[in-house]
1. State which residue is farthest from residue 45 (Cα to Cα) when the search covers only the stretch 97-106 and only residues that are surrounded by 16 or more Cβ atoms within 10 Å (Cβ to Cβ) and either touching a helix residue (DSSP H, G or I) at 6+ places or on another chain (Cβ under 9 Å) or in contact (Cβ under 8 Å) with a residue 40 or more places away in the chain (or both).
2. Inspect the stretch 146-161 for any residue being loosely packed, with under 15 Cβ neighbours inside 10 Å and more than 30 Å from residue 83 (Cβ to Cβ) and give the result as yes or no.
3. Can you spot a residue in the stretch 64-79 that is more than 25 Å from residue 121 (Cβ to Cβ), over 30 Å from the mean Cα position of the chain (by Cα) and in contact (Cβ under 8 Å) with a residue 12 or more places away in the chain?
4. Do you know which residues across the stretch 367-398 are closer than 16 Å to residue 425 by Cβ and in contact with a strand residue (DSSP E or B) (Cβ under 8 Å, 6 or more places away or on another chain)?
5. Take the stretch 13-53 and flag every residue that is modelled with pLDDT under 70 and part of a loop (DSSP other than H, G, I, E, B).
6. Would you please list the contacts, defined by Cβ atoms under 7 Å and residues six or more apart or on different chains, that run from a residue in the stretch 290-308 that is not assigned by TED's automatic domain parsing to the domain that holds residue 255 to a residue that is at pLDDT 95 or above and surrounded by fewer than 16 Cβ atoms within 10 Å (Cβ to Cβ)?
7. Scan 185, 201 and give me the residue that is more than 24 Å from the chain's Cα centre (by Cα) and more than 24 Å from residue 264 (Cα to Cα).
8. Regarding the stretch 336-352, can at least one residue be identified that is assigned to a loop (DSSP other than H, G, I, E, B), free of Cβ contacts under 8 Å to residues at least 12 places away in the same chain and either in contact with a strand residue (DSSP E or B) (Cβ under 9 Å, 6 or more places away or on another chain) or farther than 21 Å from residue 454 by Cα (or both)?
């Protein structure tokens, strides 16, 4: 009988060990005084998914967070608290919402890293002081100060108990990256701006440590946002130099510089970063696309950029313009783009909330008057939200807006706006009497080049 009891006890112990090792969640509890919401949310930094946690009437809450080691944001209304979570942690949060950051406290098993990070950020702010004074220091003093910050933090983390050695080692790498980032910021313009010296250029000695920095460490690029920022900053300086030297668009210089990065993963990441936006914004998108596609080896990225390229190619001169149908006409009834065939059409995309759009109105009125009765329509398309429909009508009357005034069916999400890649306004478009594109980004009414274009077309 005794043997059976011992075996059963051993079984329970084994079960307990099994449960302990299989835990894949952290327990988060807490109490929030003066809370004005029934739900708080938690999400991992850089990830869109959020978990909602119900808060009881007395301000208390409890929930489990299925987690991988890392920093999470606890969102209490507009306030945010950073907390480090790992499987098996039992973290307790207490805070008074009226003094959120002054009263915020973390305790419990696994709270050491969270409290350390809170202390670290406060210490860095204390050691750096005011940003203007920090970056105004001369090179020698600045370098001495950032070295002192790095050494102070390194000594601090060595004394903290309850933090794994692996985490401490990664933190010390982070101190090195932060040190180099501060030097990079100082050299790239922060010091120049603070001392108002446009001719300042960092000495070779000041940036000597960058000579040994490996810019092709894929593991660190994926792991550390600080290392990634260092790499990005390095290439931004190269891009700026190339743009100025060759007098080319910054975005074109960007794709050219990034296309030469040796590491495949880093090259693809930086090539694709901002590429879709660049394709839409720059004039010579064909050159940009060819440079990108010849360098990128990421098939998914290539497919996305090619899709943008194909759509943009449909907006080249001589292509059939995208169309709209049955937009509400301020004069009554509806209007479709095809109704205006037979004359040139100068299209103004605007909105009542757009100050730069309204600044063009006097110039547009002057041109409308000069070309009244000639072979051209002046069409203004409002991309106001449906809720501002009455505001649109009122502004037309108050400002005595001329030409043809219509309002898009779905604001910025209307098909016409989407097909023309309308990302900013004012935006002017010129199409010919057959509905073919002459200029997808025509000169503004205030630009003398518009009259030159009209003269070329014998309008």
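The values are calculated or read from the model by the stated rules, or taken from the named source; none is laboratory data. Small disclaimer: the values here were computed from a predicted structure and weren't measured. When we count neighbours, we look across all protein chains shown, and the Cβ atoms used for this are built from the backbone with ideal geometry, even at glycine.
1. The selected residue is 97.
2. Yes.
3. Scanning the stretch 64-79, I find at least one residue that is more than 25 Å from residue 121 (Cβ to Cβ), over 30 Å from the mean Cα position of the chain (by Cα) and in contact (Cβ under 8 Å) with a residue 12 or more places away in the chain, so the answer is yes.
4. Of everything in the stretch 367-398, those that are closer than 16 Å to residue 425 by Cβ and in contact with a strand residue (DSSP E or B) (Cβ under 8 Å, 6 or more places away or on another chain) turn out to be 379, 380, 381, 382, 383, 384, 392.
5. If we filter the stretch 13-53 for residues that are modelled with pLDDT under 70, which is where we start, we get 13-21, 46, 48-49.
Correct list: 46, 48, 49.
6. none
7. 201
8. Just the residues of the stretch 336-352 that are assigned to a loop (DSSP other than H, G, I, E, B), to begin with: 336, 341-343, 351-352.
Filter once more, keeping what is free of Cβ contacts under 8 Å to residues at least 12 places away in the same chain: none.
No, that holds for no residue.
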